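Okay, structure first, notes after.
The values are calculated or read from the model by the stated rules, or taken from the named source; none is laboratory data. Not measured: the values here are computed from a predicted model. We place every Cβ from the backbone using ideal geometry, glycine too, and count neighbours over all the protein chains shown. Ligands, DNA and RNA are excluded from the accessible area calculation, which covers all protein heavy atoms including side chains. Shrake-Rupley method; radii C 1.70, N 1.55, O 1.52, S 1.80 Å.
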Amino acid sequence: KLTDMSTTSYDDCLPGTWLAERLAYDPFLIEAMRRDGELIAIRRPGSTEWLYPAWQFDGNTPRNGIARIVRAARQAGLDETRLYTVLTAPLGLGGKKRVYEIWLEGRENDVVELVRAG
């Protein structure tokens, strides 16, 4: 199992309002995409604002595989916070590469398996 060694500052995330403006999407569409598992989002404790990790986008387009990763998380009973923790966890002891980085390299299947292991 991956431990909670990820950053908790969410420096790699964008507010939904900023993201909607950047992508020229209606904010309600961004929210619908999050609810439908088409975007990964996290909330700071005590906040009502959703934050969206920037690494899930290729330019202005959500990367392929998000829905599959979110679906695996939901099936494993992971909430948004735990999913973010898994995706930002370092690989191996003292690893500098994060789980989401192997997804960016095209290793979606490996990421889905790590998410399922939660």
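Any idea what diffusion coefficient the chain gets from Stokes-Einstein, in µm²/s, Kirkwood Rh on alpha carbon pairs, 4 °C, 1.567 mPa s?
90
Mind giving me the FRET efficiency for LYS96 and ALA54? R0 is 22 Å, r the Cβ-Cβ distance, nearest 0.05 is fine.
0.75
How far, in degrees from 0 to 90, does helix 108-117 lean away from the longest principal axis of the Cα atoms of the chain, to the nearest 10?
80
Averaging sequence separations of C-alpha pairs under 8 Å and six or more residues apart, then dividing by the length of the chain, give the relative contact order as a whole percent.
Across the chain, relative contact order equals 28 percent.
Across the chain, where is the longest run that never hits GluC sites (Glu not before Pro) in a DSSP loop with at most 12 other C-beta atoms within 10 Å?
50-104
How large is the helix-only mean residue ellipticity at 222 nm for the chain, computed as the sum of -39500 (n - 2.57) over DSSP H runs with n ≥ 4, divided by its residue count, in deg cm²/dmol to the nearest 500?
Details: 6 runs with 52 residues, N = 118.
Mean residue ellipticity, 222 nm, calculated: -12000 deg cm²/dmol.
Solvent-accessible area per residue for the chain at a 1.4 Å probe radius, Å²?
The answer is 57 Å² per residue.
Treat every Asp and Glu Cβ in the chain as -1 and every Lys and Arg Cβ as +1, leave all other atoms uncharged, and give the resulting dipole magnitude about the Cα centre to the nearest 20 debye.
360
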